[in-house]
Amino acid sequence: MQVTRLRGRPETVRDKWAEVLAVEAVPSEGQALHLLSRAARGSMRDALSLTDQAIAFGSGQLQEASVRLMLGSVDRTYVFRMVEALARGDGRTVVDTVDALRVNGLSAASTLEEMSTVLQRMAVFQAVPNAAASVDAHDSEAQEMARLAGVMPADETQLLYSMCLHGRVELGLAPDE
């Protein structure tokens with residue numbers, strides 16, 4: 001199949017699969033496709049495999065909740081809550097959010113990956129203020145990242161980003177996640 005040899009940006013993968021799923025009449029949520037395309041990391045072959053698994057896992061549908069569960073992805077609302085709490089110096093909310101992640105069985109590695117992604121995008125918004133102004137009005141996550149970029153100082157964003165990257169690498173040294 002020719003499509004499996006293609007590589008592209010996650011947005012390209014998402015858009016292609018949205019077209020394919022529409023033709024195949026498979027009900028899908030945009031956020032579910034977004035999660036799958038990010039997990040495929042630009043590989044159409046990986047996207048095909050993940051999409052097949054997600055359809056089976058979701059009983060013929062692609063819904064955000066089932067795809068997130070299948071992938072073990074952390075809901076970004078936790079990440080947004082934690083980043084905002086860190087920006088405001090609200091230690092209690094940070095601890096409560098970490099406890100909620102643990103209770104829900106969400107991986108520290110996945111949380112750090114999501115935080116790194118959010119912080120990197122925030123850094124872009126901070127470095128290029130016009131980028132925040134051009135955020136798609138329908139992309140609530142991008143809007144939240146742009147908002148948080150205005151709440152957290154740029155140097156703290158960079159420090160936290162670095163800590164998340166190094167934390168992922170060093171997870172193996174911890175007695176448990």
(request) Take the alpha carbon atoms of the range 144-177, find their center, do the same for the range 53-131, and report the distance between the two centers in whole angstrom. (result) 12
(message) Between 156, 114, 24, where does the largest GNM mean-square fluctuation fall for the chain, given springs only between Cα atoms within less than 10 Å?
(response) 24
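Considering only protein heavy atoms and a probe of 1.4 Å, how much of the accessible area of the chain is carbon and sulfur, as a whole percent?
On the way: 5360 of 10040 Å².
Answer for the chain: carbon and sulfur cover 53 percent of the accessible area.
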(request) Please build a GNM for the chain, connecting alpha carbons under 10 Å apart, and tell me which residue among 97, 111, 157 fluctuates the most. (result) 97
(message) For a quick check: with amide H placed at 1.01 Å from N, whose amide H comes under 5 Å from residue 62's, ignoring anything fewer than 5 positions away on the same chain?
(response) 28, 29
(request) Only Lys, Arg, Asp and Glu count, each charged at its Cβ (+1, +1, -1, -1), so figure out the dipole size of the chain about its Cα centre, rounded to 20 debye. (result) 400
(message) Could you work out the relative contact order of the chain? I mean the mean sequence separation of Cα pairs under 8 Å and 6+ apart, divided by the number of residues, in percent.
(response) 17
(request) For the chain, find the longest principal axis of its Cα atoms and tell me its angle to the long axis of helix 140-151, 0 to 90°, nearest 10. (result) 20
(message) Using only the alpha-carbon atoms, how far is helix 108-127 inclined from the longest principal axis of the chain? Give it as 0 to 90 degrees, nearest 10.
(response) 80
(message) Take residue 18 and residue 169, extend 7 Å from each Cα along the Cα→Cβ direction, and tell me the distance between the two endpoints in nm.
(response) 3.6
(request) Run the quick spin-label model on residue 29 and residue 127: label points 7 Å from Cα toward the beta carbon, then report their separation in nm to one decimal. (result) 3.3
(request) Could you go through the range 49-55 in sequence order and give the Karplus-derived ³J(HN,Hα) for each residue, using 6.51 cos²θ - 1.76 cosθ + 1.60 with θ = phi - 60°, rounded to whole Hz, and x for Gly and Pro? (result) 4, 5, 5, 4, 4, 5, 5
(request) Provide Rg and Dmax in Å for the range 1-148, with only Cα atoms included in the calculation. (result) 16.5, 52
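Can you give me the accessible area per residue for the range 49-177, using a 1.4 Å probe, in Å²? Before the final figure, lay out the partial values.
Details: 7140 Å² over 129 residues.
Ligands and nucleic acids excluded, the figure is 55 Å² per residue.
At 222 nm, what helix-only mean residue ellipticity would the chain give, in deg cm²/dmol to the nearest 500, using -39500 (n - 2.57) for each DSSP H run of four or more? Intermediate results must be reported in sequence, preceding the final value.
On the way: 10 runs with 127 residues, N = 177.
About -22500 deg cm²/dmol.
The values are calculated or read from the model by the stated rules, or taken from the named source; none is laboratory data. The model shown is predicted, which means the values in this text are computed figures rather than measured ones. Here Cβ is always computed from backbone atoms with ideal geometry, including for glycine, and neighbour counts include all displayed protein chains. What goes into the accessible areas is simple: the full protein's heavy atoms, side chains included, and nothing from ligands, DNA or RNA. Shrake-Rupley method; radii C 1.70, N 1.55, O 1.52, S 1.80 Å.
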